[in-house]
Amino acid sequence: MLQSDTNFGIGPLVATFASEVSLLLLSERRAETVSGTPDNTVILHWDEDRSAWARLSWRDWVRFRGFADGGLSLLAGAEAGEHYFLVCVLGDRGELANVIPHRYVLSTDGRLVHGFDGLGTAEREEYHRIQVLHLPTIADSERYDELDTRGLSANMPPPRTVRPLLEAMPGLAGAQPRAACWHFLSAIGICRSSARAN
């Protein structure tokens, strides 16, 4: 299980996940007018055969997640088995702002069968309960961070995908020091460079 030495609060991941869901719902309502990926989001899909990360169109991502017309979760041409995706959210200047990893099992016909969050049913309910609290207690926040870290770990891509990811990830060089993307990046072993002289 991957763990990060940094203790991140619930804010960045909750806010980014909420914005991803909002974009998905907006895309669903405007499916006819969405032509590819929104300007600030790049979806990467690990292609096991090529050992490379490939860009997935926004339309394919929305359809795969079941937010398109008919609600079918389908990824055309995908083989059965585990698949890894990264939702890369970019800032105003194209810099990497956040990365949300996803891991799914697909059926032989390219349909989403199972998603991972590393939580049991009761823990998932607790996670969602805490997520919507307006003023969580310190204990709630600590528990949320614990559950969130387990969810991140359950969705992390395998280590063999990291080197190709460095070539494919958009806006990495411009990532700001306080950006939420460092939660994911530090978990896969990428460190920020220090601006201070030693």
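When LEU147 is tested against (1) touching a residue at least 24 places away in the same chain (Cβ under 8 Å); (2) closer than 23 Å to TRP61 by Cβ; (3) hydrophobic (A, V, I, L, M, F, W, C), exactly one condition is not met: (2). For region 150-198, a residue qualifies if it is in contact (Cβ under 8 Å) with a residue 40 or more places away in the chain and among the polar types (S, T, N, Q), and the qualifying residues are SER153, ASN155, THR161, GLN176, SER186.
Identify all residues within region 134-150 that are surrounded by fewer than 19 Cβ atoms within 10 Å (Cβ to Cβ) and either farther than 23 Å from GLY115 by Cα or not charged (D, E, K, R) (or both); write none if there are none. Give the steps one after another, and end with the answer.
Taking region 134-150 first, the residues surrounded by fewer than 19 Cβ atoms within 10 Å (Cβ to Cβ) are 134-143, 145-146, 150.
Scanning region 134-150 gives HIS134, LEU135, PRO136, THR137, ILE138, ALA139, ASP140, SER141, GLU142.
Does LEU185 qualify as being over 13 Å from LEU86 (Cα atoms), crowded, with 16+ Cβ neighbours inside 10 Å and under 16 Å from the mean Cα position of the chain (by Cα)? When the stated conditions are applied, LEU185 does not pass them.
Of the residues making up region 66-87, not a single one is among the β-branched types (Val, Ile, Thr), in contact with a Ser or Thr (Cβ under 6 Å, 6 or more places away or on another chain) and closer than 27 Å to LEU165 by Cβ. Taken over region 14-63, the criterion of being modelled with pLDDT of 50 or more and in a helix (DSSP H, G or I) is satisfied by TRP58, ARG59, ASP60, TRP61, VAL62, ARG63.
The values are calculated or read from the model by the stated rules, or taken from the named source; none is laboratory data. From a predicted model like this one, the values you see are computed outputs, not experimental measurements. Counting neighbours? That spans all protein chains shown, and the Cβs are built from the backbone with ideal geometry, glycine included.
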